[in-house]
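Below is one structure, written out as structure tokens, with a few remarks after it.
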Amino acid sequence: MKTLPDAWPFETPRALLTDLDDTVLDGGRLHAAVLTALENLHHAGIAVVAVTGRPASWAEMVAHQWPLFGAIGENGALAYRRVGSRVVEHDDASAHIRAERTHRLNALSRELSLAFPSLKPATDSRGRISDRAWDTGENERIEADEVASVRAFLESHGARTTQSSIHVHASFERHDKATGALAFLHRELGIDPATALATVPFVGDSGNDRPCFSAFERTVGVANIDAHLHALAKTPLFRTRRERSEGFLDLAHALLA
């Protein structure tokens, strides 16, 4: 990985994709300097899109309140964009398919709770639609070998799993962060997938960002990515000098330089 230079070495992008937890947020908190940076990016004509493992309810809220072009929640499954005073949701699944997947997720969650009774659901679980998440690092500390066993159990039941710095997720969705982001950029901004992959930057910090780090060419890891490099198939092109939200500020300043 190269250290992120003070000025972005490519043309100014039309959009920026960013993870939230431990990238834009510190311990779930949004700092004033980051909010200002998001405003500045917006005014510079860079459409900032959050791509997060957090629930649909969070994605809808940040799309409504923050100076973002849109937000993609639950690791790519559901997307939100503010249009005037309204926030519009996009879900590829029909009502019938969504109901069937919800039934399967609820049944799988019950089985998991019997197999791993000490594992606790994520505190944001009530806002989830397309996936389920369990706390492995936000308020609880779960050892890596148990996390691996949990993921193996979920995958043996046909679920797709991802692991962030704070949660393990299970879903039956076809989208991951990368495909969900590409679909959003094409649908909402008219950026074709090949152009998006070659020119749109992505910034993140952990294993559930693996699809975007693997797919996009101009990727940035905030400095705390170091703890998660083992979970990535492809390392980011750049690494910021600072961690978490300060690393995001490093990138914002480079893009605006």
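So that you can scan it fast, the table gives a plain yes or no per residue for (1) over 14 Å from the mean Cα position of the chain (by Cα); (2) closer than 24 Å to Arg174 by Cα:
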residue: Phe202; (1), (2): no, yes
residue: Asp205; (1), (2): no, yes
residue: Asp209; (1), (2): no, yes
residue: Glu217; (1), (2): yes, yes
residue: Ala227; (1), (2): yes, no
residue: His230; (1), (2): yes, no
residue: Glu243; (1), (2): yes, no
residue: Glu246; (1), (2): yes, no
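Within region 97-124, which residues are farther than 18 Å from Gly73 by Cβ and touching a strand residue (DSSP E or B) at 6+ places or on another chain (Cβ under 9 Å)?
Taking region 97-124 first, the residues farther than 18 Å from Gly73 by Cβ are 99-100, 103-104, 106-120.
If the condition is that a residue be farther than 18 Å from Gly73 by Cβ and touching a strand residue (DSSP E or B) at 6+ places or on another chain (Cβ under 9 Å), then Asn106, Leu108, Ser109, Leu112, Ser113, Phe116, Leu119, Lys120 are the ones that fit.
Criterion applied to Leu35, Leu25, Leu17, Leu30 was being of a type in the set (A, V, I, L, M, F, W, C) and surrounded by 23 or more Cβ atoms within 10 Å (Cβ to Cβ), and the one residue passing it is Leu17.
Residues are listed down the side, and each one gets a yes or a no for (1) farther than 25 Å from Gly207 by Cβ; (2) aliphatic (A, V, I, L, M); (3) assigned by TED's automatic domain parsing to the domain that holds Asp205:
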| residue | (1), (2), (3) |
| --- | --- |
| Glu11 | yes, no, yes |
| Leu17 | no, yes, yes |
| Leu41 | yes, yes, yes |
| Thr52 | no, no, yes |
| Ala56 | no, yes, yes |
| Met61 | no, yes, yes |
| Trp66 | no, no, yes |
| Gly76 | no, no, yes |
| Arg86 | yes, no, yes |
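Specify the residue that is nearest to Thr162 (Cα to Cα); the eligible residues are those in region 61-114 that are among the small types (Gly, Ala, Ser) and surrounded by fewer than 12 Cβ atoms within 10 Å (Cβ to Cβ). Here the answer is Ala107. The residues in region 138-160 that are buried (at least 17 other Cβ atoms within 10 Å of the Cβ), over 12 Å from Leu108 (Cβ atoms) and not aliphatic (A, V, I, L, M) can be counted, and the count is 2. Number of residues in region 43-56 that are in contact with a helix residue (DSSP H, G or I) (Cβ under 8 Å, 6 or more places away or on another chain) and surrounded by fewer than 16 Cβ atoms within 10 Å (Cβ to Cβ): the value is 1.
The values are calculated or read from the model by the stated rules, or taken from the named source; none is laboratory data. Predicted model only: the values in this text are computed from it and were never measured. With ideal geometry, Cβ positions are generated from the backbone for all residues, glycine too; neighbour counts draw on all protein chains shown.
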